[in-house]
Each structure stands twice: as C-alpha cells, then as structure tokens.
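Take a look at the structure set out below.
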Amino acid sequence: EMLRSLVGSEMCIRDRYSATLASIFDNYVTYNNLTEKADKETRTGSVTGTFTALDMEKFNEKTDSKINSEFKNDYNAQMDYIDSVIGDKEFKSKEFEYTIEFKYVNEQWTLTDKNFLILLTLGYYNK
C-alpha cells in the first residue's frame with residue numbers, strides 16, 4: 001500500500017513537471033531560418049537555425065528568492081508560482097544560432113543529444 005502511494009505521488013510530480021515544461025516550450029521556444037545538411041558517407045546530419053528559448057538566468061533572478069523563502073518546503077506552491085509567471089515576455093531569450101546534430105541509425109535519423117529538447121527549452125544552448 002505504501003509503495004503504491006509513493007508511486008502515485010511520483011507520477012503526479014512527473015506529470016506536473018512535464019506540463020510545466022511543455023508550457024515553457026510553448027511560450028518561449030521558436031525557430032527560424034532552418035537549413036539542413038546530410039552526409040551519407042558518415043551517416044550524420046545537422047539542422048542549423050535561429051532559436052529562442054527560456055532565459056533561465058532572468059527567470060531564476062526573478063523567482064529564486066520567492067521559491068526559496070515563501071515556498072521552500074511546498075512543492076505544489078513552487079510549481080503554482082512557476083506556472084503563474086510562465087508567459088512573461090521578459091523571460092524569452094534573445095535569438096541565438098544553434099546547430100542540432102543527428103546520426104542515422106537503424107534506418108532512421110536520431111538526435112545525437114537525447115536531451116536536446118529539454119536543454120533547448122530551458123535555455124541551456126543560449127550562451
């Protein structure tokens with residue numbers, strides 16, 4: 001019974017986090033001017049373009065103190081607060097150029113970096 005409760009709680013947290021991440025992606029990630037290249041010999045490819053993402057530095061500057069003081073031990077309150085500020089235009093990064101790398105494996109193109117979409121959404125490549 002306890003294990004079932006723990007698994008249920010973990011699933012709620014994961015679902016809530018996934019919904020928040022999807023909202024961040026919808027509000028901040030854009031892409032333009034995409035060009036692709038493929039090298040059949042090395043079975044690699046890339047897509048280069050202009051992107052925007054969440055500016056995590058600005059986001060943290062505005063939200064960290066409130067999260068760490070008012071909502072320190074309340075996960076749901078933290079997520080509610082984060083959800084309430086998603087969409088503020090001040091958190092959208094400036095445009096940046098980036099190249100996404102692919103490899104051709106088992107008759108399909110796959111991302112070289114499996115965490116690409118999460119890292120892009122959270123502004124990791126905007127340096």
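The set of residues from the range 24-38 being outside any loop (DSSP other than H, G, I, E, B) and touching a helix residue (DSSP H, G or I) at 6+ places or on another chain (Cβ under 7 Å) comprises I24, F25, Y28. Scanning the range 44-84 for residues that are closer than 15 Å to Y98 by Cβ and small (G, A, S), we see that the one that is surrounded by the fewest Cβ atoms within 10 Å (Cβ to Cβ) is S46.
Of the numbered criteria (1) open to solvent by 90 Å² or more (accessible area, probe 1.4 Å); (2) assigned to a helix (DSSP H, G or I); (3) not aliphatic (A, V, I, L, M), the one E41 fails is (2).
Of all residues in the range 34-49, those that are closer than 16 Å to Q108 by Cβ have Cβ atoms under 7 Å from Cβ atoms of residues that are open to solvent by 100 Å² or more (accessible area, probe 1.4 Å) and of a type in the set (F, W, Y), 6 or more apart or on another chain, in G45/W109. In the range 85-103, the residue that is nearest to A22 (Cα to Cα) out of those that are open to solvent by less than 100 Å² (accessible area, probe 1.4 Å), part of a strand (DSSP E or B) and not polar (S, T, N, Q) is K92. Quick one: in the range 104-126, of everything that is assigned to a strand (DSSP E or B) and either open to solvent by 80 Å² or more (accessible area, probe 1.4 Å) or among the β-branched types (V, I, T) (or both), which residue is nearest to L54 (Cα to Cα)? Looking at the filtered set, the residue picked out is T110. Total residues in the range 44-81 satisfying the condition of being of a type in the set (A, V, I, L, M, F, W, C) and part of a strand (DSSP E or B): the figure is 3.
For the range 19-30, the criterion of being open to solvent by 30 Å² or more (accessible area, probe 1.4 Å) and touching a strand residue (DSSP E or B) at 6+ places or on another chain (Cβ under 7 Å) is met by at least one residue.
The values are calculated or read from the model by the stated rules, or taken from the named source; none is laboratory data. Bear in mind that the values here come from a model prediction, so they are computed numbers and not experimental data. Cβ atoms come from the backbone with ideal geometry, glycine included; neighbour counts cover every protein chain shown. For the accessible areas, the whole protein counts, side chains as well, though only heavy atoms, and no ligand, DNA or RNA atoms are used. Shrake-Rupley method; radii C 1.70, N 1.55, O 1.52, S 1.80 Å.
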